[in-house]
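Undergrad: This is the structure I want to talk about, given as structure tokens.
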Amino acid sequence: MRAAPGSVATARAAVEALLHAERIEEGVTLAERIVAAAPDDQGAIALLATAWRLAGDQRHAALCDDPALVSTALITAPAGWPDLPAFLRELAMALEALHAWRTHPLEQSMRHGSQTQVDLTRCDAPVIRALFAALHAPIRAHIDQLGPGSDPVRRRATGSYCFAGAWSVRLRPGGYHEDHVHPAGWISSAFYVSLPEAARPVPEGWLSLGRPGVPTRPPLAPSRHIAPAPGMLVLVPSYLWHGTEPFGGERPRLTVAFDLVPG
């Protein structure tokens, strides 16, 4: 930090080390300094929230436990498809065709699967374009119900949004997502296209929220799990730690994810 006093990435790494070494108050102080200097850095906000949680600071709850900041909704089948299952089947076929990679990419949270390498918002396939049209209503409802506020999500709200990249993930049995955040986002997502057989032990394959993706002392458990369902969209703050619990069975699972930024 002395060598690079202006580096936010270096300061974030120092906070991670402090939280791992159980030097919580030092971690809180440094994380507060980072967020003051880079208030929209979602990685820095995540570390500050983690430091507050370890310190027993009630400000953590306002950042991570506000129920309005997380929403789940089933999309409506777009016009041209008889029902949602038919739409999801065709969508799965189109997405599978884009999964050319055999394993997970470097420096990503997923393990034992593949990720598409194109921005899905730029795809011309009618079924993929129909997906993003169908996502508008639940996204709009999520943003509208936030209301005003000074927290990192509400204070950036402008009344509109833009997609800042979208991709698909195909996890094989045994796959999972390590807990992570989206540093350059605002609101992040998981949309479930197809899932393994439903009768899996709880919480296999569930979305975990709140478990830090960095080692802390003491370790912290997820604050919440969400059971996925085909056609479900989950929206969370981009700074909220989230991951996927490992799952077994015989079938892979297919999802779409995207980041939103204020319009």
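The values are calculated or read from the model by the stated rules, or taken from the named source; none is laboratory data. For clarity, every value in this text was computed on a predicted model and none was experimentally measured. FYI the Cβ positions are ideal-geometry reconstructions off the backbone, even for glycines, and counts take in every protein chain you see.
Undergrad: Kindly indicate which of Arg2, Arg33 is surrounded by fewer than 17 Cβ atoms within 10 Å (Cβ to Cβ), at pLDDT 95 or above and among the charged types (D, E, K, R). If you could, list the steps in order and put the result at the bottom.
TA: Working: Arg2 fails: at pLDDT 95 or above.
After ruling out the rest, the residue left standing is Arg33.
Undergrad: In region 118-136, which residue that is out of contact with any strand residue (DSSP E or B) (no Cβ under 7 Å at 6 or more places or on another chain) and part of a loop (DSSP other than H, G, I, E, B) is nearest to Phe87 (Cα to Cα)?
TA: Step by step, filter region 118-136, then rank; the result is Ala125.
Undergrad: Condition first: hydrophobic (A, V, I, L, M, F, W, C) and under 12 Å from the mean Cα position of the chain (by Cα). Now tell me which residues in region 183-211 satisfy that.
TA: Pass one, region 183-211, residues hydrophobic (A, V, I, L, M, F, W, C): 184, 186-187, 190-191, 193, 195, 198-199, 202, 206-207, 209.
Passing the criteria: Ala184, Trp186, Ile187, Ala190, Phe191, Leu207, Leu209.
Undergrad: Would you please name the residue that is farthest from Arg129 (Cα to Cα), looking only at residues in region 61-104 that are outside any helix (DSSP H, G or I), touching a helix residue (DSSP H, G or I) at 6+ places or on another chain (Cβ under 6 Å) and of a type in the set (A, V, I, L, M, F, W, C)?
TA: Only one residue fits best here, namely Ala73.
Undergrad: Can you name the residue in region 220-263 that is acidic (Asp, Glu) and more than 24 Å from Ala137 (Cβ to Cβ) and is also surrounded by the fewest Cβ atoms within 10 Å (Cβ to Cβ) among such residues? Can you show your working first?
TA: In the first step, residues of region 220-263 are kept if they are acidic (Asp, Glu); the result is 245, 250, 259.
Among the residues that remain, those that are also more than 24 Å from Ala137 (Cβ to Cβ) are: 245, 250.
On the way: Glu245: 18, Glu250: 7.
Per the criteria, the residue is Glu250.
Undergrad: It is to be established whether one or more residues within region 233-242 are in contact with a helix residue (DSSP H, G or I) (Cβ under 9 Å, 6 or more places away or on another chain), among the aromatic types (Phe, Trp, Tyr) and part of a loop (DSSP other than H, G, I, E, B).
TA: Keep residues of region 233-242 that are in contact with a helix residue (DSSP H, G or I) (Cβ under 9 Å, 6 or more places away or on another chain), which gives 233, 235-241.
Subset that is among the aromatic types (Phe, Trp, Tyr): 239, 241.
After this cut, where a residue has to be part of a loop (DSSP other than H, G, I, E, B) as well, the list is 239, 241.
Yes: one or more hits.
Undergrad: Cβ-Cβ distance below 6 Å, separation of 6 or more or different chains: which pairs start in region 202-225 with a residue that is free of Cβ contacts under 8 Å to residues at least 24 places away in the same chain and end on one that is part of a loop (DSSP other than H, G, I, E, B) and among the hydrophobic types (A, V, I, L, M, F, W, C)?
TA: Hits for this filter: His225/Trp206.
Undergrad: Right, next: Checking Thr29 against (1) among the hydroxyl-bearing types (Ser, Thr, Tyr); (2) under 24 Å from the mean Cα position of the chain (by Cα); (3) over 25 Å from Leu171 (Cα atoms), which single condition isn't satisfied?
TA: For Thr29, the exception is condition (2).
Undergrad: Go through Val202, Val236, Val261, Val193 for me and flag whichever is of a type outside the set (Asp, Glu) and under 20 Å from Ala51 (Cβ atoms). Show your work before the answer.
TA: Numbers: Val202 fails: under 20 Å from Ala51 (Cβ atoms); Val261 fails: under 20 Å from Ala51 (Cβ atoms); Val193 fails: under 20 Å from Ala51 (Cβ atoms).
Among Val202, Val236, Val261, Val193, only Val236 is of a type outside the set (Asp, Glu) and under 20 Å from Ala51 (Cβ atoms).
Undergrad: What number of residues within region 155-168 are buried (at least 16 other Cβ atoms within 10 Å of the Cβ) and at pLDDT 95 or above? Lay out the reasoning, then the answer.
TA: Applying the first criterion (buried (at least 16 other Cβ atoms within 10 Å of the Cβ)) to region 155-168 yields 157, 161, 163-168.
Going one step further and asking which of them are at pLDDT 95 or above, we end up with 157, 161, 163-164, 166-168.
Qualifying residue count for the region: 7.
Undergrad: Another question about this same structure. Kindly indicate whether Leu98 is in contact (Cβ under 8 Å) with a residue 60 or more places away in the chain and either of a type outside the set (Asp, Glu) or in the same structural domain as Ile143 (by TED's automatic domain parsing) (or both).
TA: On the way: in contact (Cβ under 8 Å) with a residue 60 or more places away in the chain: yes; either of a type outside the set (Asp, Glu) or in the same structural domain as Ile143 (by TED's automatic domain parsing) (or both): yes.
So Leu98 passes the test.
Undergrad: Could you say which residue among His142, His177 is part of a helix (DSSP H, G or I), within 16 Å of the chain's Cα centre (by Cα) and either touching a residue at least 40 places away in the same chain (Cβ under 8 Å) or surrounded by 14 or more Cβ atoms within 10 Å (Cβ to Cβ) (or both)? Please lay out each step first, then the result.
TA: Working: His177 fails: part of a helix (DSSP H, G or I).
Of the residues listed, the single one that is part of a helix (DSSP H, G or I), within 16 Å of the chain's Cα centre (by Cα) and either touching a residue at least 40 places away in the same chain (Cβ under 8 Å) or surrounded by 14 or more Cβ atoms within 10 Å (Cβ to Cβ) (or both) is His142.
Undergrad: Does region 200-208 contain any residue that is part of a strand (DSSP E or B) and either among the aliphatic types (A, V, I, L, M) or over 14 Å from Thr244 (Cα atoms) (or both)? Explain how you work it out, then say what you get.
TA: First, pick out the residues of region 200-208 that are part of a strand (DSSP E or B): 207-208.
Then drop every residue that is not either among the aliphatic types (A, V, I, L, M) or over 14 Å from Thr244 (Cα atoms) (or both), which leaves 207.
The answer is yes, given that some residue of region 200-208 is part of a strand (DSSP E or B) and either among the aliphatic types (A, V, I, L, M) or over 14 Å from Thr244 (Cα atoms) (or both).
Undergrad: Is it the case that Trp186 is in the same structural domain as Leu74 (by TED's automatic domain parsing), among the aromatic types (Phe, Trp, Tyr), more than 18 Å from Ala94 (Cα to Cα) and touching a residue at least 12 places away in the same chain (Cβ under 8 Å)? Walk me through how you get there before you give the answer.
TA: Details: in the same structural domain as Leu74 (by TED's automatic domain parsing): yes; among the aromatic types (Phe, Trp, Tyr): yes; more than 18 Å from Ala94 (Cα to Cα): yes; touching a residue at least 12 places away in the same chain (Cβ under 8 Å): yes.
Spelling it out, Trp186 is indeed in the same structural domain as Leu74 (by TED's automatic domain parsing), among the aromatic types (Phe, Trp, Tyr), more than 18 Å from Ala94 (Cα to Cα) and touching a residue at least 12 places away in the same chain (Cβ under 8 Å).
Undergrad: Kindly establish whether Phe163 is under 25 Å from Asp65 (Cβ atoms) and part of a strand (DSSP E or B). Lay out the reasoning, then the answer.
TA: Working: under 25 Å from Asp65 (Cβ atoms): no; part of a strand (DSSP E or B): yes.
Criteria not met by Phe163.
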